[in-house]
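The structure under discussion appears below in the form of structure tokens.
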Amino acid sequence: MFLWAFADGFWTFLSAGLCSALGRVVNLSFFLLVTEDADEHQRPRIFAAIKLVVMAAGLLTPLAGAAMAHWGTLPALRAVYLFGGISMTALFLVRHRLTTETAAGRQAAEAPAGLGRGLRLLFSARELWPVVAVVLLTDLAVQFTLFQVVYLADELHPATGLIALQPPLGAFAAFACYRWVMPRRRHRPMSGNVLHGLLLGVAGWAAFLAVPGAGTPALLLATVLTAAGPFLLESYRDALVVTAVPPADRATLSSAVQSAAALAAVPCGWLAALLHTRDPLLPFTAVLTCYALATAAILPLTARRAVGRVRA
């Protein structure tokens with residue numbers, strides 16, 4: 001009976017999702033590895049470069065679509081996952097061979113760890129609370145965007161070419177931010193850069209809510225702003241978290257922040273579905289609300305122009 005239930009599609013999909021969620025451990029470790037020994041002003045560009053690589057990989061989705069059209073959805077997906085498993089395993093082995101531990105990582109290995117200690121540090125570090133609020137709210141916003149494709153397909157019925165234009169347009173907006181915007185803001189306070197990313201996100205989602213009445217121009221504007229805003233926001237936000245925490249506590253506190261964000265996101269899928277059922281625009285109103293609240297949360301830091309380091 002158990003084997004039959006496990007073989008059922010839902011339970012197989014659930015087990016795959018649980019295994020995929022373990023990637024948070026790897027992602028956090030890798031982000032710390034590549035940023036801990038970097039200069040404070042270099043960290044946002046490092047996070048941005050990682051995001052660009054991910055977005056560039058997303059431009060290969062037309063190849064997957066062509067494979068699905070030729071061989072069918074399930075065979076194509078099996079081939080994609082098989083190729084992904086082989087290539088990622090090779091990546092892990094090569095990366096493990098070439099990388100060395102950072103000085104901050106060696107220091108953290110000697111310090112006491114554990115999620116409980118991380119949460120205690122998190123609750124006691126009031127100067128970090130605005131940053132944590134921004135992380136939680138912007139991560140929640142991402143969960144509510146899950147229905148964006150459904151909304152576009154079912155409610156707006158845009159041309160296929162217009163939908164296909166969105167990923168490269170968003171990628172170009174992100175690259176433009178990386179190439180021209182971020183170098184000019186290199187020595188600006190990171191809290192101020194986070195604020196500008198949030199404001200672009202607010203403008204982008206406001207434009208998206210206006211699409212039903214304004215049409216294609218609003219959709220293209222929303223595509224650019226909702227790519228550029230979160231790209232800048234997440235690059236500076238993640239760098240701000242790393243910078244605000246002492247080296248010995250970065251892994252512990254960062255894992256506590258990620259755990260809090262993951263727990264807060266648990267009911268968001270159900271809530272987004274409930275909102276979409278009531279009104280297809282409500283999930284994106286929730287996104288705009290999350291960005292507006294995050295903007296309010298970061299304002300105290302921009303007033304101080306700096307983030308104090310958390311004391312263990």
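Computed values, structure above
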read-out: Solvent-accessible area per residue, Å², over segment 202-304 with all protein chains present [probe radius 1.4 Å]; value: 36 Å²
read-out: For peptides 64-72, 94-102, 223-231, sequence by mean Cβ density within 10 Å, most packed first; value: 223-231, 64-72, 94-102
read-out: Accessible heavy-atom area order of ILE298, ILE86, ILE50, highest first, probe of 1.4 Å; value: ILE86, ILE50, ILE298
read-out: Segments 199-205, 211-217 sorted - mean Cβ within 10 Å per residue, highest first; value: 199-205, 211-217
read-out: Portion, in percent, of the accessible area of segment 192-233 that falls on carbon or sulfur, probe 1.4 Å; value: 79 percent
read-out: Potential extension, ALA176-GLN148 segment - 0.36 nm per residue separation minus Cα distance; value: 7.7 nm
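The values are calculated or read from the model by the stated rules, or taken from the named source; none is laboratory data. Given the structure is predicted, the values throughout are model-derived calculations rather than measurements. When we count neighbours, we look across all protein chains shown, and the Cβ atoms used for this are built from the backbone with ideal geometry, even at glycine. All accessible areas refer to the heavy atoms of the entire protein, side chains included, with ligands and DNA or RNA removed. Shrake-Rupley method; radii C 1.70, N 1.55, O 1.52, S 1.80 Å.
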